[in-house]
Amino acid sequence: MEKEVFTLCFMCSVRCPIKVIVKDGQVKWIEGNPHVPGMDGSLCPRGAAGIALLYDNERVKSPMIRVGERGGGHWRKASWDEALDYVGGKLKGVIDKYGGHSVVLGERTQLATHVSKTFLKAIKSPNHFTHDALCKGSVNTACRSLFGYTDAQMSMDYKNCKQIVLYGRNIFEAIAVKEVNNLMDALENGAKMTYIDPRVTKTATKSQRYWMIRPGTDLALNYALIHVILRDRFYDDAYVDRWVVGLSELQEFVGEYTPEWAEKETGIAAHEIETLAQEISQDAPHVIFHFGYRGANHTNEIYMRRSIMILNALLGSMEAKGGFFIKKGPGEEGGKPARKLTEQKFPSIGVPRFDKVGTPDFPLPDPAHGVGQMLPFAILNKDPYPVKALIAYRFDPLMSINDTNFTKKALKELDLIVTIDINYSDIAWYSDVILPESTYLERTDCVQQANGLKPQMFLRQQVVPPRYDTREGAIILKQVGERIGIGDYFPYESMEDLVKWQLEGTGFTREDFNAKGSVAYGSKKIFWDRADGIKFKTPSGKIEFKSSLLEDAGFESFPEYEPMPSPPEGQFRLSTGRNALHTHVSTQNNPYLNEICSENVLWINDKKAAVLGIKNGDMVEVFSEHGTGVIKAYVTNLIHPESVFMLHGFGHEAESATRSYNKGVNDAALMKNVSDMIGGSPALHETFVTVKPV
Ligand SMILES: Nc1nc2c(c(=O)[nH]1)N[C@H]1C(S)=C(S)[C@@H](COP(=O)(O)OP(=O)(O)OC[C@H]3O[C@@H](n4cnc5c(=O)[nH]c(N)nc54)[C@H](O)[C@@H]3O)O[C@H]1N2
Ligand SMILES: Nc1nc2c(c(=O)[nH]1)N[C@H]1C(S)=C(S)[C@@H](COP(=O)(O)OP(=O)(O)OC[C@H]3O[C@@H](n4cnc5c(=O)[nH]c(N)nc54)[C@H](O)[C@@H]3O)O[C@H]1N2
Ligand code: SF4
Ligand SMILES: [Mo]
């Protein structure tokens with residue numbers, strides 16, 4: 001018997017809508033949901049490898065309780081009752097002794113995030129954090145400082161853009177399928193792409209203009225672009241007049257940042273900067289200066305991300321066709337969003353967060369996400385109070401927070417580490433208990449509220465029953481909750497119950513999702529009127545170049561540019577990123593993907609390599625003051641001489657994941673744990689490394 005199920009991919013967090021074909025109980029085929037514009041039946045390589053995840057026999061197959069030393073790799077199988085009782089008992093002990101706030105839950109934002117937040121609120125812990133700060137916290141803060149919306153509340157109309165500028169936004173390798181398809185359509189219709197990166201990526205090869213920028217100097221480039229646009233009055237006068245606060249301050253500030261000045265800092269010719277400014281303003285407002293997906297590079301990241309959005313604002317691209325738009329929610333169509341468990345009443349908390357977000361020490365990062373990389377500091381310094389238990393839910397602090405040795409040292413201090421994962425991740429390997437979740441093809445999940453030009457809801461629905469003794473995350477947390485006396489906050493017995501509860505009052509039913517996997521609140525695309533109808537959420541109701549968010553917290557709107565240091569002789573600035581074949585730290589053990597890409601290599605400039613006596617394919621030692629690794633060199637002229645690059649997510653330590661164990665190098669083990677202390681992102685590209693032949 002054959003059936004078709006419409007659901008959502010989860011080989012990465014993009015959650016592309018997919019169609020899955022099941023024959024005789026086996027998943028045979030996955031493709032992009034043909035009912036969803038922009039998917040067009042397509043998938044990325046990771047999405048196609050979802051079948052290999054389902055049938056991977058190296059997943060975590062039942063609850064596991066550690067025996068012996070933490071990280072020693074000795075486990076015993078446990079029943080769910082035993083594992084849940086064990087976790088409940090330990091958690092209760094920690095909460096009774098140190099208070100609910102000594103428990104931290106870190107997760108990759110996902111559909112059941114409202115369930116985890118509920119769990120923490122119920123135990124009076126403010127300490128929920130997501131991956132967001134580690135990925136793009138400074139983009140989030142930059143957007144709030146200008147528009148009053150987070151980056152996640154905004155998006156881009158790729159399909160209709162006429163020019164797009166990408167700052168290391170490697171869109172054709174760091175993939176979201178709809179974005180790729182829509183941008184390809186735009187390019188086929190004559191749109192122009194400018195790509196800026198110290199490394200020639202696949203996206204660089206598809207662009208009309210590529211600039212091999214000196215690493216870390218994008219802000220200087222943008223100040224020069226802004227300089228030209230203001231000097232030559234290329235900006236959209238009427239739009240800026242209506243919507244912008246602080247133009248004259250900006251004008252005065254960028255006066256000294258000429259293209260000739262920027263050429264010296266960035267290595268990009270002044271006349272090229274002039275040409276881009278002129279050319280792109282002719283296509284305004286149908287232009288996108290992309291604010292970046294991963295905005296976690298340097299300690300001044302918030303200002304770099306602000307500079308990108310200032311360029312968009314000057315050319316009037318907010319709420320323009322082919323520009324940026326603010327995502328519209330169901331309220332725009334008179335509808336109601338899906339319910340969340342966090343709408344319940346909770347006891348008040350009364351202590352600050354472990355990362356001090358929201359206090360004068362760290363006022364601006366988004367408290368809805370927190371700043372995860374502060375966890376090792378909070379644990380080791382017992383500041384603001386002792387943290388004693390960690391629940392890692394679809395998140396791996398050992399590979400995703402920089403300076404793995406330092407993070408490990410901190411985690412040693414904890415009384416309890418519980419991991420909810422599908423794989424033997426490094427954090428699972430380092431935990432006390434692993435509670436295995438069913439994979440996305442095996443579970444129904446919470447409703448996805450998908451705001452956009454057209455507000456919609458999507459549903460991840462179970463395609464096949466779990467192959468092993470695994471459960472859904474929202475059920476696991478409820479069952480732990482029942483053991484510590486907070487069960488009443490989880491008013492459901494199954495995921496089907498929870499979905500029905502979420503849909504109450506929306507006017508839609510569970511059955512409405514069967515035909516296409518989604519429901520829509522209306523049929524038209526909603527753009528607000530650019531002349532007078534844009535609802536910015538800043539205190540002024542305008543785009544704040546001169547930002548009240550920053551200035552009220554004691555920070556400048558326009559800080560002077562500080563030159564980016566070149567690495568000392570013999571060293572390189574280490575940078576990191578993705579390719580199309582892997583998701584962060586998750587997929588390296590996937591049988592299909594591992595077969596095509598099983599280890600990372602170190603990109604190094606050919607001239608620099610020659611001086612060091614390194615040939616293509618040689619094994620090299622790469623080290624920083626934090627860690628060391630041995631990796632294969634990829635010697636090429638496709639990378640700037642100051643930079644070396646490695647893919648993120650390799651060098652796994654979990655031995656049970658045999659295909660990825662000890663393959664390649666973990667970038668996080670080399671990088672230092674420093675942050676943009678205004679915006680909230682870690683500064684992933686602030687580490688210099690030495691490279692030596694072995
Ligand atoms: N050094 C360095 N650090 C980085 C980055 C970098 O490039 N270099 N990138 C940063 C960025 S941009 C991001 S977004 C973060 C990402 O950081 P993470 O969120 O930690 O990384 P992921 O690989 O997305 O997922 C982590 C875990 O989720 C598990 N998982 C996958 N699917 C499921 C599921 O269905 N259920 C459950 N319970 N678990 C599942 C995986 O097995 C994996 O262990 O890392 C950031 N940190
Ligand atoms: N296949 C795949 N796709 C993904 C993901 C995945 O794990 N795998 N993850 C998703 C997530 S969570 C994220 S955050 C995005 C990340 O998406 P992106 O931000 O587009 O991609 P990264 O691969 O992190 O790439 C960073 C790029 O920045 C370049 N770079 C380094 N230094 C500089 C510099 O100083 N200036 C400039 N302009 N560029 C520089 C690097 O060479 C690299 O090519 O991808 C998303 N899509
Ligand atoms: S981008 Fe690829 S892996 Fe991510 S959800 Fe879409 S198809 Fe799945
Ligand atoms: Mo990310």
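Summary of computed values
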{"item": "Leading residue by the ranking (farthest from ligand 3 (Cβ to nearest atom)) among those in the range 11-55 that are of a type in the set (G, A, S) and in contact with a Gly (Cβ under 6 Å, 6 or more places away or on another chain)", "result": "G41"}
{"item": "Wholly within the range 250-314, helices (runs of 4 or more DSSP H) carrying at least 2 residues that are modelled with pLDDT of 95 or more and hydroxyl-bearing (S, T, Y)", "result": "270-282, 301-314"}
{"item": "Complete set of residues in the range 157-175 that are within 15 Å of ligand 4 (Cβ to nearest atom) and of a type in the set (D, E)", "result": "E173"}
{"item": "Flag for G106 being assigned by TED's automatic domain parsing to the domain that holds I401 and either away from ligand 2 (no atom under 16 Å from the Cβ) or out of contact with any Phe, Trp or Tyr (no Cβ under 7 Å at 6 or more places or on another chain) (or both)", "result": "no"}
{"item": "Test: residue in the range 335-355 that is within 30 Å of D667 (Cα to Cα) and open to solvent by less than 10 Å² (accessible area, probe 1.4 Å)", "result": "yes"}
{"item": "Test set (1) more than 16 Å from ligand 4 (Cβ to nearest atom); (2) open to solvent by less than 40 Å² (accessible area, probe 1.4 Å); (3) in a loop (DSSP other than H, G, I, E, B) - P34 fails condition number", "result": "(2)"}
{"item": "Out of W243, W261, sole residue that is among the aromatic types (F, W, Y) and surrounded by fewer than 17 Cβ atoms within 10 Å (Cβ to Cβ)", "result": "W261"}
{"item": "Test result for V254, within 30 Å of E642 (Cβ to Cβ) and either free of Cβ contacts under 8 Å to residues at least 60 places away in the same chain or not aromatic (F, W, Y) (or both)", "result": "yes"}
{"item": "Selected residue (only one of E551, E562, E569, E544 is within 30 Å of G664 (Cβ to Cβ) and charged (D, E, K, R))", "result": "E569"}
{"item": "Residue among L8, L53, L43 that alone is within 16 Å of ligand 2 (Cβ to nearest atom), open to solvent by 20 Å² or more (accessible area, probe 1.4 Å) and outside the structural domain of E653 (by TED's automatic domain parsing)", "result": "L43"}
{"item": "Residue in the range 200-219 that is more than 30 Å from A553 (Cα to Cα) and within 16 Å of ligand 3 (Cβ to nearest atom) present", "result": "yes"}
{"item": "Matching entry among V103, V60, V87 (being within 15 Å of ligand 1 (Cβ to nearest atom) and more than 30 Å from E595 (Cβ to Cβ))", "result": "V87"}
{"item": "Residues of the range 480-512 satisfying the condition of being of a type in the set (A, V, I, L, M, F, W, C) and in contact with a strand residue (DSSP E or B) (Cβ under 9 Å, 6 or more places away or on another chain)", "result": "V480, L503, F508"}
{"item": "Among (1) open to solvent by less than 10 Å² (accessible area, probe 1.4 Å); (2) under 26 Å from A152 (Cβ atoms); (3) in the same structural domain as A378 (by TED's automatic domain parsing), the one test that V87 misses", "result": "(2)"}
{"item": "Qualifying positions in the range 37-73 - within 23 Å of the chain's Cα centre (by Cα) and closer than 16 Å to E179 by Cβ", "result": "G38, M39, S42, L43, C44, P45, R46, G47"}
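The values are calculated or read from the model by the stated rules, or taken from the named source; none is laboratory data. Remember, it's a predicted structure, so these values are computed and weren't measured experimentally. Please note: Cβ atoms are built from the backbone with ideal geometry, for glycine as well, and neighbour counts cover all protein chains shown. For the accessible areas, the whole protein counts, side chains as well, though only heavy atoms, and no ligand, DNA or RNA atoms are used. Shrake-Rupley method; radii C 1.70, N 1.55, O 1.52, S 1.80 Å.
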